[in-house]
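Single-structure report; data block below.
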Amino acid sequence: MTVRDALNSALDEEMSADPKVFLMGEEVGEYQGAYKISKGLLEKYGPDRVLDTPITEAGFAGIGVGAAYYGLRPIVEFMTFNFSMQAIDHIINSAAKSNYMSAGQINVPIVFRGPNGAAAGVGAQHSQCYAAWFGACPGLKVLAPYSSEDARGLLKAAIRDPDPVVFLENELLYGESFPISAEALDSSFCLPIGKAKIEREGKDVTITAFSKMVGYALKASEILAKEGISAEVINLRSIRPLDTATINASVRKTNRLVTVEEGFPQHGVGAEICASVIEESFIYLDAPVERIAGADVPMPYAANLERMAVPQHSSFELGFCVVVPTKPNQC
Amino acid sequence: MSAAATKIIQPLPLNSTTTNRSPHKALFNPLKTIPISSFPASTRKLRLTKPNSPHARRRSTSVFAVSDVVQEKKPTFNTFFPNLLITKEEGLELYEDMILGRSFEDMCAQMYYRGKMFGFVHLYNGQEAVSAGFIKLLKNEDCVVSTYRDHVHALSKGVPARAVMSELFGKTTGCCRGQGGSMHMFSKEHNVLGGFAFIGEGIPVATGAAFTSKYRREVLKEGDCDHVTLAFFGDGTCNNGQFFECLNMAALWKLPIVFVVENNLWAIGMSHLRATSDPQIWKKGPAFGIPGVHVDGMDVLKVREAAKEAITRARRGEGPTLVECETYRFRGHSLADPDELRDASEKAHYAARDPITALKKYMVENNLASEAELKVIEKKIDEVVEEAVEFADSSPLPGRSQLLENVFADPRGFGIGPDGKYRCEDPKFTEGTAHV
């Protein structure tokens, strides 16, 4: 099943199960979704539940929050999370903080979803990864699915969750197809928020990644396996809360850690994982933690520069050279 | 279309609720604009126009007849007080509400200077007519969304004075258990949906609540759901993008909302006239197909009449209204504001139009109540406010465990601890430090 179909089926099932769930965003209705994620939903549920909004992120994100305050369960789609910056006041100040400010009286069961991170050649203003920024905020839950099973299970969990959830998808993953189990296709399937998944077991080095980078990490681990290095790949799934328990347990087993992300390196997700591992598992580390992240530049347009600005397989190999000095002549 | 929009046309007369209302006579027609007879055009010179209404002798001469809807009211002969806008009960309710607002805010100032209250405190003195005029017409299920100047909106909506005072003192008995503070008054029970610090932030939230009301009626088929939302905000907010975004969407989807502008002419130290290309805010409604009304916000009866029509419109499903209330805040922007930029003559002009004095005069002159009855109310409110202070003073501060409570409705959002179980499942979780 492709990630696109997985997301579509999750939206369909949750909207069918609970009439209070509705979808709003730009082009979600008649255009069938800017990336066709909401295909068919307008025909099935009508314009009252699948709302095409004008281009006003601050306005419609705020309207979603207000609807959630007063009892509905909105799903607000941002055409890309770059546009969420126009609505970030509502995501943080009126959604994330409200349950706390009202001392539990007003919870906000809203989902903000959309593609996050770099696509292909879309330039600096359409390519930023927001996992780190949203992951820093108390009151938010931040999810980043990788496979179709992740997409289905986490989106359903997000929609059913009584708190605001930021759901970071990836445009380049939408068309990718993954095997999916019968259990995952069941309409009650749900993944727990806050639990990472060990995609590949290993014993020499732990690699943490989320979203598209999980695919890269798995490919890199195959290359490493040929060299005799067994890598354990952790698919974070949940940026906030971060499953530090799983990460630390893995590091205590392998003694080495590489964090991978597409976003900017400073104050990134990798920085948080690194700090957490040093705090909790310092004596287990045989080498410093290595962070692999996007280049510390706004995303360039030229295709070759863009390739250099996001992690490539070669950067993995460099990373592993640093962390796993068993074969120094690889570098 | 454009010709009609620029021509000034007299509005249709507003019939009072004691007469038979024609359900088809829409007062607020978006294609017609409503004239205003006086608007302070300059901060230096105030044009003090004389009231020229034939009914002027029934009102205090210090109250300006700005809204023609009130001037046009036709008398009826089947009520005991044919020309009056309110009954005695309504008048006493309004008076009590305004006195509560005023006394409460004055007490807040006292408590602030004594150190019991802290942070940012924005007082509402002078604007009580808007809160009382609008909110007293609402049902409990209707929603109010406000700004940081929200104490009196919460009080008018029914949040007990002791709960608001405790919240301001930061005590655990406050309406938000001390976690919100002056600028973030929330009450689910009374449908006060905040209290927002950023100007313009409350407007989309209010529009969303109105959206929910319409959704419940049309999608969830709760046929009797006619809940209305009021969004209160100021003149400075009317230059903010979110205001215009929501005027557009509220009109587009015909949401049951009333946008109430409390135009007190000043945004901290920035005069409305220095900040706005066209200072007549009510005009911004018709640009989106929403009726725009300008009303004298220092006269609670005029506010109430405009509010009645706007709220009824919304309840009937006819969509939003923009009501600009010309009002004034007697104190500075906040208790930390030295208030040096406003002219003394401007302050004196509005002090003479104190809404409480005006209502008192109206009620006494029209034999709706005696001075003694009003004094009884004032004394009662004094006691309520004193009791609120005592209650707040004697209430405990929040316990240590409260720091980590209510971040999430589902506290599994704090994630899984080192022992592999959800942190919130540990019974001692909230007694720990903030480091999770």
### Task
Report, by residue number, each residue of the range B:236-269 that is assigned to a helix (DSSP H, G or I), of a type in the set (A, V, I, L, M) and open to solvent by less than 10 Å² (accessible area, probe 1.4 Å).
B:LEU247, B:MET249, B:ALA250
### Task
Kindly indicate whether A:CYS137 is open to solvent by 10 Å² or more (accessible area, probe 1.4 Å), touching an Asp or Glu at 6+ places or on another chain (Cβ under 8 Å), closer than 24 Å to A:HIS267 by Cα and in contact (Cβ under 8 Å) with a residue 24 or more places away in the chain.
no
### Query
Assuming B:VAL219 fulfils every condition listed in (1) in contact with a Leu (Cβ under 8 Å, 6 or more places away or on another chain); (2) over 26 Å from B:VAL152 (Cα atoms); (3) open to solvent by 10 Å² or more (accessible area, probe 1.4 Å) apart from one, which condition is it?
(1)
### Message
Going by what's in this entry, would A:PHE167 be described as outside the structural domain of A:ASN82 (by the TED database) and either touching a strand residue (DSSP E or B) at 6+ places or on another chain (Cβ under 7 Å) or not aliphatic (A, V, I, L, M) (or both)?
### Response
no
### Task
From the list A:ALA132, A:ALA158, A:ALA151, pick out the single residue that is in contact (Cβ under 8 Å) with a residue 40 or more places away in the chain, within 14 Å of chain B (Cβ to nearest Cβ), within 23 Å of A:PHE81 (Cα to Cα) and not in a strand (DSSP E or B).
A:ALA158
### Query
From the list B:ARG412, B:ARG400, which residue is open to solvent by 80 Å² or more (accessible area, probe 1.4 Å), at pLDDT below 90 and in contact with an Asp or Glu (Cβ under 8 Å, 6 or more places away or on another chain)?
B:ARG400
### Query
Looking at this structure, is A:GLY117 surrounded by 23 or more Cβ atoms within 10 Å (Cβ to Cβ), outside any helix (DSSP H, G or I) and under 21 Å from the mean Cα position of the chain (by Cα)?
yes
### Query
Looking at A:PRO115, A:PRO109, which one is more than 10 Å from every other protein chain (Cβ to nearest Cβ), over 18 Å from B:GLU201 (Cα atoms) and in contact (Cβ under 8 Å) with a residue 24 or more places away in the chain?
A:PRO115
### Residue list for the range B:204-236, filter: facing chain A (nearest Cβ under 7 Å), at pLDDT 95 or above and over 15 Å from B:PHE134 (Cβ atoms)
B:PRO204, B:VAL205, B:THR207, B:GLY208, B:ALA209, B:PHE211, B:THR212, B:TYR215
### Query
Just a yes or no: is a residue in the range A:91-101 of a type outside the set (Gly, Ala, Ser) and touching a helix residue (DSSP H, G or I) at 6+ places or on another chain (Cβ under 8 Å)?
yes
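Matching residues to (1) in contact (Cβ under 8 Å) with a residue 60 or more places away in the chain; (2) polar (S, T, N, Q); (3) in a strand (DSSP E or B):
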position	(1), (2), (3)
B:LEU273	yes, no, no
B:SER277	no, yes, no
B:HIS294	yes, no, yes
B:LEU301	yes, no, no
B:GLU305	yes, no, no
B:ARG329	yes, no, no
B:HIS333	yes, no, no
B:SER345	yes, yes, no
### Subset of the range B:171-196 that is within 15 Å of the chain's Cα centre (by Cα) and open to solvent by 10 Å² or more (accessible area, probe 1.4 Å) - its residue that is nearest to the other protein chains (Cβ to nearest Cβ)
B:HIS184
### Task
Please enumerate the residues belonging to the range A:170-185 that are surrounded by fewer than 23 Cβ atoms within 10 Å (Cβ to Cβ) and either in the same structural domain as A:VAL277 (by the TED database) or part of a helix (DSSP H, G or I) (or both).
A:GLU171, A:LEU172, A:ALA182, A:GLU183, A:ALA184, A:LEU185
### Summary
Subset of the range A:230-246, residues touching a helix residue (DSSP H, G or I) at 6+ places or on another chain (Cβ under 7 Å) and away from every other protein chain (no Cβ under 14 Å), comes to A:ALA231, A:GLU232, A:VAL233, A:ASN235
### Task
Please identify the pairs in which a residue from the range B:173-193 that is under 14 Å from B:ALA392 (Cβ atoms) has its Cβ atom under 6 Å from the Cβ atom of a residue that is of a type in the set (S, T, N, Q) and surrounded by fewer than 22 Cβ atoms within 10 Å (Cβ to Cβ), counting only partners at least 6 apart or on another chain.
B:THR173/B:SER395; B:GLY178/B:THR172
### Query
Would you pick out the residues in the range B:379-428 that are of a type in the set (Asp, Glu) and in contact with a Phe, Trp or Tyr (Cβ under 9 Å, 6 or more places away or on another chain)?
B:ASP393, B:GLU405
### Message
Condition check: on the phi < 0 side of the Ramachandran plot, touching a Gly at 6+ places or on another chain (Cβ under 6 Å) and crowded, with 24+ Cβ neighbours inside 10 Å. Does B:GLU105 satisfy that?
### Response
no
### Message
When you check B:ASP106 against the structure, is it among the acidic types (Asp, Glu) and within 14 Å of the chain's Cα centre (by Cα), yes or no?
### Response
no
### Query
Mind checking whether some residue in the range B:380-390 is within 14 Å of chain A (Cβ to nearest Cβ), in contact (Cβ under 8 Å) with a residue 60 or more places away in the chain and closer than 26 Å to B:CYS176 by Cα?
no
### Task
Considering only the range A:36-58, state which residues are part of a helix (DSSP H, G or I) and within 10 Å of chain B (Cβ to nearest Cβ).
A:TYR45, A:GLU57, A:ALA58
### Query
Quick one: is B:ARG274 more than 14 Å from B:ALA129 (Cα to Cα), at pLDDT below 95, out of contact with any helix residue (DSSP H, G or I) (no Cβ under 7 Å at 6 or more places or on another chain) and open to solvent by 40 Å² or more (accessible area, probe 1.4 Å)?
yes
#### Entry: Pick from the range A:59-95, criterion open to solvent by 10 Å² or more (accessible area, probe 1.4 Å) and at the interface with another protein chain (Cβ under 10 Å from one of its Cβ atoms), ranking: farthest from B:VAL205 (Cα to Cα)
A:GLN86
### Query
Going by the structure shown, is A:GLY33 more than 14 Å from chain B (Cβ to nearest Cβ), assigned to a loop (DSSP other than H, G, I, E, B), crowded, with 20+ Cβ neighbours inside 10 Å and not β-branched (Val, Ile, Thr)?
yes
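The values are calculated or read from the model by the stated rules, or taken from the named source; none is laboratory data. The structure displayed is predicted, hence computed values, not measured ones. Virtual Cβ from ideal backbone geometry, glycine too; neighbours counted across all protein chains shown. Each accessible area value is taken on the protein alone, full model and side chains, heavy atoms only, with ligands, DNA and RNA left out. Shrake-Rupley method; radii C 1.70, N 1.55, O 1.52, S 1.80 Å.
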